[in-house]
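The values are calculated or read from the model by the stated rules, or taken from the named source; none is laboratory data. The structure displayed is predicted, hence computed values, not measured ones. Cβ: placed from backbone, ideal geometry, glycine included. Neighbour counts: every protein chain shown.
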Amino acid sequence: GSVMEKVLQRRSLRMRNMQRAWQESPEGKKMLDFRKSLPAFKENERLLQAIAQNQVIVISGETGCGKTTQLPQYILESEIESGRGAFCSIICTQPRRISAMAVAERVSAERGEPLGETVGYKVRLEGMKGKNTHLLFCTSGILLRRLLSDRNLNGITHVFVDEIHERGMNEDFLLIVLKDLLPRRRDLRLVLMSATLNAELFSNYFGGAPTIHIPDALNKSSFESYSPRARDSLSCWTPDCIGFNLIEAVLCHICRKERPGAVLVFMTGWEDISCLRDQLKAHPLLGDPNRVLLITCHGSMATSEQKLIFGRPPPNVRKVVLATNMAEASITINDVVFVVDCGKAKETSYDALNNTPCLLPSWISQASARQRRGRAGRVQPGECFHLYPRCVYHAFAEYQLPELLRTPLNSLCLQIKSLQVPSIGEFLSAALQPPEPLAVQNAIGFLTSIGALDDNENLTSLGKYLSILPVDPKLGKMLIMGAVFHCFDPVLTIVSGLSVRDPFLLPQDKKDLAGTAKSRFSAKDYSDHMALVRAYEGWKDAEREGSAYEYCWRNFLSAQTLQAIHSLRKQFNYILRDAGLVDADASINNKLSHNQSLVRAIICSGLFPGIASVVHRETSMSFKTMDDGQVLLYANSVNARYQTIPYPWLVFGEKVKVNTVFIRDSTGVSDSILILFGGSLNHGVQAGHLRMLEGYIDFFMDPSLVDCYLKLKEELNELIQK
Ligand code: ADP
Ligand code: MG
């Protein structure tokens with residue numbers, strides 16, 4: 001104990017010396033001057049005092065006032081200055097990985113240190129932190145995962161939960177867990193940070209915690225304009241055509257007539273962004289790289305792309321960033337002078353009655369619109385073009401519905417269960433705004449149907465494995481099944497693809513060509529998932545031959561997405577190896593990778609109960625889900641191009657309501673595959689099959705039944721090949 005204490009004291013002194021040295025250096029002084037100019041600086045003392053006297057405080061202040069980069073840093077600095085640096089451990093959560101990384105990098109720079117020293121970050125599957133890291137920026141998901149193995153957050157002294165105004169599911173979840181933890185950890189300090197003025201809501205949740213508001217000192221004289229006529233905005237904002245021409249016209253105007261400064265365009269989603277980018281690339285002015293630097297911004301950007309976004313463009317080139325609402329609060333692009341706000345966001349909502357997630361562009365909230373406006377003119381007066389009339393703004397909801405109330409709760413419930421919570425329903429009823437009981441029931445039903453929970457709502461051993469994999473439970477199950485059934489490689493590609501994005505591009509004006517290109521990868525597999533595997537493998541070959549660029553171009557594939565899939569594959573591989581599910585010698589887990597039927601079966605085991613029956617009519621086909629609902633195939637699905645499909649079933653990963661209900665990627669499966677691998681759907685099964693099915697379920701309930709599994713696998717394999 002006391003030896004450790006001495007070591008830490010010595011380290012604290014060293015930290016203090018280094019901090020003082022930096023603050024007295026010329027660059028350090030310059031940095032400090034900048035930091036002192038931020039509105040948050042005036043609240044430094046008040047924050048430290050409040051935190052000394054209260055276990056929980058709530059801080060609000062407009063985006064850019066210095067909450068994220070400054071407040072945790074003030075605590076760190078004051079601890080270091082008082083010679084306790086090595087004893088403190090501060091965690092600050094972010095809703096998105098990109099902001100956790102960007103902010104950690106920024107704070108390190110402000111302290112004149114390399115990233116991963118005193119300040120580090122950790123996001124899903126990636127991180128930069130060391131034994132000297134005392135301020136860690138991480139995603140809220142990472143902190144939740146840590147809570148699974150360390151229920152008391154031992155050793156942590158301060159927790160900041162940032163961007164709580166967004167009401168993300170993980171943040172709401174964290175607040176339940178932390179609220180429960182606080183009485184057990186009287187010394188732990190909790191700071192909630194919000195970019196809007198609804199601090200009261202959170203303060204009440206924590207029994208009247210004190211609130212501090214950081215006044216906005218910047219006095220930005222942002223100029224706002226609304227689209228004058230409803231006709232320009234409303235009527236053309238259908239999901240297919242989201243006023244691209246209007247945006248193009250506004251961008252042209254800015255580039256021709258306005259003063260220098262970057263432009264930030266808020267779009268609804270990745271598809272719109274890439275379509276608009278294609279349209280703008282063809283424009284004589286906006287597509288000219290000598291005049292306009294067009295950057296697209298999305299959640300899984302590579303670091304090199306991130307640099308482009310934050311960096312300065314060459315002289316006389318205007319930076320135009322196309323982004324989704326992720327740029328609303330979590331990232332700050334300093335040189336933005338103009339904001340173009342389309343007024344919509346593709347928001348997931350959840351229809352608990354039909355158990356269907358919906359993804360529809362819908363009007364944003366007033367709070368979001370203000371956020372978007374606030375992104376203009378960080379360093380000089382800015383201007384915001386709202387592409388909707390003022391009367392529409394007044395009709396917006398004040399705040400967005402919390403995510404907990406608008407998404408399926410499958411992953412969340414699995415995580416809650418792994419916190420050893422007896423009743424999921426009871427746990428969730430302690431949320432700031434609890435979800436509907438039906439939504440909770442659906443999630444529990446789903447987890448039971450895939451074998452992650454037993455009938456008494458207890459985690460099975462499959463469930464335990466699934467809760468440690470940082471993917472959607474059904475994809476996690478597919479990964480495990482792929483490893484166990486020795487066809488790991490293709491399954492790894494499929495799961496990585498499904499968790500990144502579809503690498504098959506679908507340009508608005510070349511839909512047919514793109515569809516044809518994709519169907520070349522299908523080779524009568526009747527499977528989008530296997531087409532993905534072939535496309536990925538073709539890309540790897542092309543890369544070896546140095547023709548990856550041509551390959552992507554010819555096949556309408558996104559090199560960026562393939563690259564992301566490639567790195568995710570590596571990371572999943574590593575995690576499964578770590579969990580002991582994959583052998584160090586990968587060839588063992590790939591003995592059966594060439595077996596198409598088996599791969600098909602594993603896809604089915606993961607995607608079940610996402611199945612639709614194929615109903616052939618004289619001239620057409622239709623598809624019916626288990627609850628008898630009609631679904632349509634996405635235009636880009638290989639299965640949409642066939643007249644007939646020689647399989648009675650399609651399994652699919654996602655059912656999305658966009659006007660009608662669509663299924664995105666699908667794979668044809670036979671009756672026997674469905675019987676053997678489709679979870680608990682076992683009507684019409686012969687006795688022998690049923691025994692095998694039970695054996696297979698037993699295996700997951702009790703991992704000691706490995707021998708049984710090995711025999712079973714041989715039998716299954718024979719059966720599938722017949
Ligand atoms: P908040 O969390 O209140 O929105 P931040 O702490 O993220 O604000 O940012 C405070 C200020 O720090 C910003 O207004 C900006 O001037 C500056 N800043 C933040 N990130 C960076 C960065 N990556 N590079 C340069 N300056 C930055
Ligand atoms: Mg922030």
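Scanning the stretch 164-191 for residues that are within 16 Å of ligand 2 (Cβ to nearest atom) and either within 20 Å of L76 (Cα to Cα) or hydrophobic (A, V, I, L, M, F, W, C) (or both) yields a total of 2.
Against the condition in a strand (DSSP E or B), more than 12 Å from ligand 2 (Cβ to nearest atom) and touching a Ser or Thr at 6+ places or on another chain (Cβ under 8 Å), how does I91 come out, does it pass? In short, no. Of the helices (runs of 4 or more DSSP H) that lie entirely inside the stretch 548-596, those containing 1 or more residues that are in contact (Cβ under 8 Å) with a residue 60 or more places away in the chain span 559-578, 586-589. In this structure, L188 does not qualify as within 16 Å of ligand 1 (Cβ to nearest atom), aliphatic (A, V, I, L, M), surrounded by 14 or more Cβ atoms within 10 Å (Cβ to Cβ) and modelled with pLDDT of 95 or more.
Find the residue count for the stretch 44-73, including only residues that are assigned to a helix (DSSP H, G or I), under 25 Å from G374 (Cα atoms) and more than 11 Å from ligand 1 (Cβ to nearest atom). Show your work before the answer.
Within the stretch 44-73, the subset assigned to a helix (DSSP H, G or I) is 44-53, 67-73.
After this cut, where a residue has to be under 25 Å from G374 (Cα atoms) as well, the list is 44, 47, 67-73.
Checking which are more than 11 Å from ligand 1 (Cβ to nearest atom) leaves us with 44, 47.
Number of matching residues: 2.
Can you spot a residue in the stretch 95-104 that is within 30 Å of R375 (Cα to Cα) and away from ligand 1 (no atom under 13 Å from the Cβ)? Yes - at least one qualifying residue is present in the stretch 95-104.
Evaluate the stretch 674-685: report whether one residue or more is assigned to a loop (DSSP other than H, G, I, E, B), at pLDDT 85 or above and within 30 Å of the chain's Cα centre (by Cα). Looking through the stretch 674-685, none of the residues is assigned to a loop (DSSP other than H, G, I, E, B), at pLDDT 85 or above and within 30 Å of the chain's Cα centre (by Cα).
Number of residues in the stretch 41-56 that are modelled with pLDDT of 95 or more and within 16 Å of ligand 2 (Cβ to nearest atom) equals 1.
Report the residue count in the stretch 601-618 for those that are over 27 Å from the mean Cα position of the chain (by Cα) and either closer than 19 Å to S499 by Cα or surrounded by 16 or more Cβ atoms within 10 Å (Cβ to Cβ) (or both).
Number of matching residues: 3.
So that you can scan it fast, the table gives a plain yes or no per residue for (1) in contact (Cβ under 8 Å) with a residue 24 or more places away in the chain; (2) over 17 Å from G64 (Cα atoms); (3) more than 16 Å from ligand 2 (Cβ to nearest atom); (4) under 19 Å from the mean Cα position of the chain (by Cα):
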{"position": "G85", "(1), (2), (3), (4)": "yes, yes, yes, no"}
{"position": "I98", "(1), (2), (3), (4)": "yes, no, no, yes"}
{"position": "A102", "(1), (2), (3), (4)": "yes, no, no, yes"}
{"position": "E105", "(1), (2), (3), (4)": "no, no, no, no"}
{"position": "G116", "(1), (2), (3), (4)": "no, yes, yes, no"}
{"position": "G120", "(1), (2), (3), (4)": "no, yes, yes, no"}
{"position": "R124", "(1), (2), (3), (4)": "yes, yes, yes, yes"}
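Restricting to the stretch 259-290, what's the tally of residues that are in a loop (DSSP other than H, G, I, E, B), under 25 Å from V500 (Cα atoms) and modelled with pLDDT of 85 or more? Steps first, please.
First, the residues of the stretch 259-290 that are in a loop (DSSP other than H, G, I, E, B): 259-261, 267-269, 282-290.
Those still in the list that are under 25 Å from V500 (Cα atoms) too: 267-269.
Filter again for modelled with pLDDT of 85 or more, leaving 267.
Looking only at that region, the number is 1.
Residue check: is Q380 of a type outside the set (G, A, S) and crowded, with 22+ Cβ neighbours inside 10 Å? Walk me through it before giving the result.
Values: of a type outside the set (G, A, S): yes; crowded, with 22+ Cβ neighbours inside 10 Å: no.
In short, no.
Condition check: at pLDDT below 95, surrounded by fewer than 24 Cβ atoms within 10 Å (Cβ to Cβ), of a type in the set (G, A, S) and assigned to a helix (DSSP H, G or I). Does A523 satisfy that? Answer is no for this residue.
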